[in-house]
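Okay, structure first, notes after.
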Amino acid sequence: MTNNSKSILILAGDGIGSEIVQQAERVIDWVNENNLDNLVTSTGLIGGASYDEYGVPLADETLSKCHEADAILMGSVGGTKWDNVEYDKRPEAGLLRLRKDMELFANLRPALVFDSLIDASSLKPDIIRGLDILIIRELTGGVYFGEPRGIENLENGERLGVNTHSYTTSEIHRISKIGFDMARKRSGRVHSCEKANVMEAGKLWREEVTALHMAEYSDIELTHMYADNCAMQLLRDPKQFDVILTDNLFGDILSDEASMLTGSLGMLPSASLGVENPKTGYIKAVYEPVHGSAPDIAGQNKANPLATILSLAMLFRYSFNSGDIADIIEQAVSNVLKNGYRTADILDKDNLNSISTTEMGNAVIKELTILHGSHNGSCNE
Ligand code: IPM
Ligand code: MG
C-alpha cells in the first residue's frame, strides 16, 4: 500500500449483493485509472455468506477489518436460505452488529427524483418533479437495540414477545445535530417525526429536539410531525419536506416509502456515519444501498446497481471529502438515465427494453469517461 492510499473494505453480502457491488468496484477502478484518487480495496463476508463460512453473520476478524478500513462499501444481506438459522445468527443480525459496534448512529438516506425517472414512479409527475428529500435516521438506538427484548413463556401458557423502544437525551441530541447541520447546507427546514402522542420516548424526542433547536439552531425552520402523518404527507405532498429527522424504526419505514417516490427502491443510496476513527483519521462509515438482497433475481444479472454506485458517490463525499468525484459519479448516473438506460425495476412506458446489471455498469463507466474527458478539455482551454 502506498503512503497516501485510502482503503475501502467491500462487504458484498448476499443475494444480488455481489453483482451490484461489482459494478461499484468498476467505478473505483475507473477512479484509480484516471488518477483521481488512490484507492485500495479488500473484501470481507457479512450476512448469510459469513454464516455459511464462519457460522456467524459477522465474524470478529471481519469486524476488526471494518475498524481498520478508511471506509466500507456494502451490498445487501439476507435471503430465504437462512430462514431457519437461530434468530441471533440471521443475516440481518450481522448488519445490526456492524452498525452498533462501529456506532454508526447517523443514517443519511437521500431520496432524489431524477427527471428522467418521473414516469417510473407510481405518483403523478407534478407531485414528485424536482423532489429532493434527505431522511436522517437514527441507527443505533430505539426498538432495534433496546433491552429487555426476547420471547418469554408465560405461566398461563401464552408466549410474550418483548422489544423496548428507548432513547437517551444524548442519543437524541447527536442525531438532531446532524439533522440541523445538514439542513443548514440545504434549504434550512427540518421535520422531526415521532409518536409523542403515544410514546414517552417520542415525547422526550420532541422535547430534546425543541431544546436543541432553541439553543443552537433557531435559524432552521423546525416542524414536529407524528410519524403516521409523515407517512401520509409523503404521498400527499412530498415536496413540503427537506430534511426528515426520525428514529430507527420510523426511519426504516419512511425511507422505504420515500424510495418509491423516486421510482424504485433500486435507486436509493445511504451513508451510515459515526464519529472520527482514531485509527484511520476518517469518520467511521458504511455506505450501502437502501434496498435488500432480492434473492428472487440474484445471480441473474438483472439487479439495478445504481443505488450502490450512488452510495459510492456518498463515500467520496462524506468519507474522503471528494465532492468533485461524488459529483461526477452522480452526474454520470443522471446522464445514463437521461440516455434511456433502464434496468427492469425502472422501466416506464417509453422504455420497454431493460438492460442487465453489467450493461448498466458499462453505461456508467462510458459516461464517466465522457464527462471526465470534457471536463479536462475545458480545463485545458
Ligand atoms: C435497512 C434494512 C435493515 C434495517 C435490515 C436489513 C436489518 O431494512 O437498512 O433499512 O431494518 O435497518
Ligand atoms: Mg429497511
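Numbers for the structure displayed
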{"quantity": "Qualifying positions in segment 117-152 - assigned to a loop (DSSP other than H, G, I, E, B) and aromatic (Phe, Trp, Tyr)", "calculated": "145"}
{"quantity": "Inter-residue pairs, beta-carbon under 6 Å, first of a type in the set (A, V, I, L, M) and in segment 275-293, second more than 16 Å from ligand 1 (Cβ to nearest atom) and open to solvent by less than 30 Å² (accessible area, probe 1.4 Å), 6+ apart", "calculated": "285/71; 285/319"}
{"quantity": "Yes/no for residue 270 being at pLDDT 95 or above, within 10 Å of ligand 2 (Cβ to nearest atom) and either assigned by TED's automatic domain parsing to the domain that holds residue 356 or in contact with a Lys or Arg (Cβ under 7 Å, 6 or more places away or on another chain) (or both)", "calculated": "yes"}
{"quantity": "Odd one out for residue 316 among (1) out of contact with any Pro (no Cβ under 7 Å at 6 or more places or on another chain); (2) under 30 Å from residue 208 (Cβ atoms); (3) outside any loop (DSSP other than H, G, I, E, B)", "calculated": "(2)"}
{"quantity": "Close pairs from segment 41-61: first in the same structural domain as residue 30 (by TED's automatic domain parsing) and open to solvent by 30 Å² or more (accessible area, probe 1.4 Å), partner assigned to a helix (DSSP H, G or I) and small (Gly, Ala, Ser), Cβ under 7 Å, at least 6 apart", "calculated": "56/50"}
{"quantity": "Checking residue 122 against (1) free of Cβ contacts under 8 Å to residues at least 40 places away in the same chain; (2) open to solvent by 60 Å² or more (accessible area, probe 1.4 Å), the condition it does not meet", "calculated": "(1)"}
{"quantity": "Unmet requirement for residue 156, which otherwise passes all of (1) under 21 Å from residue 274 (Cβ atoms); (2) part of a loop (DSSP other than H, G, I, E, B)", "calculated": "(1)"}
{"quantity": "Residues of segment 302-339 that turn out to be closer than 23 Å to residue 354 by Cβ and in contact with a Ser or Thr (Cβ under 6 Å, 6 or more places away or on another chain), as a count", "calculated": "5"}
{"quantity": "Matching option when the condition is out of contact with any Asp or Glu (no Cβ under 6 Å at 6 or more places or on another chain), over 22 Å from residue 186 (Cα atoms) and within 15 Å of ligand 1 (Cβ to nearest atom), among 273, 249, 268", "calculated": "249"}
{"quantity": "Complete set of residues in segment 326-352 that are more than 17 Å from residue 371 (Cβ to Cβ) and open to solvent by 20 Å² or more (accessible area, probe 1.4 Å)", "calculated": "340, 344, 345, 347, 349, 350, 351, 352"}
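Yes or no, residue by residue, for (1) open to solvent by 50 Å² or more (accessible area, probe 1.4 Å); (2) polar (S, T, N, Q):
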position	(1), (2)
162	no, no
168	yes, yes
185	yes, no
199	yes, no
212	no, no
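The values are calculated or read from the model by the stated rules, or taken from the named source; none is laboratory data. Model, not experiment: these values are computed from the prediction. All Cβ positions, glycine included, derive from the backbone under ideal geometry; neighbour counts span all protein chains shown. Please note that ligands, DNA and RNA were not included when accessible areas were found on the heavy atoms of the full protein model with its side chains. Shrake-Rupley method; radii C 1.70, N 1.55, O 1.52, S 1.80 Å.
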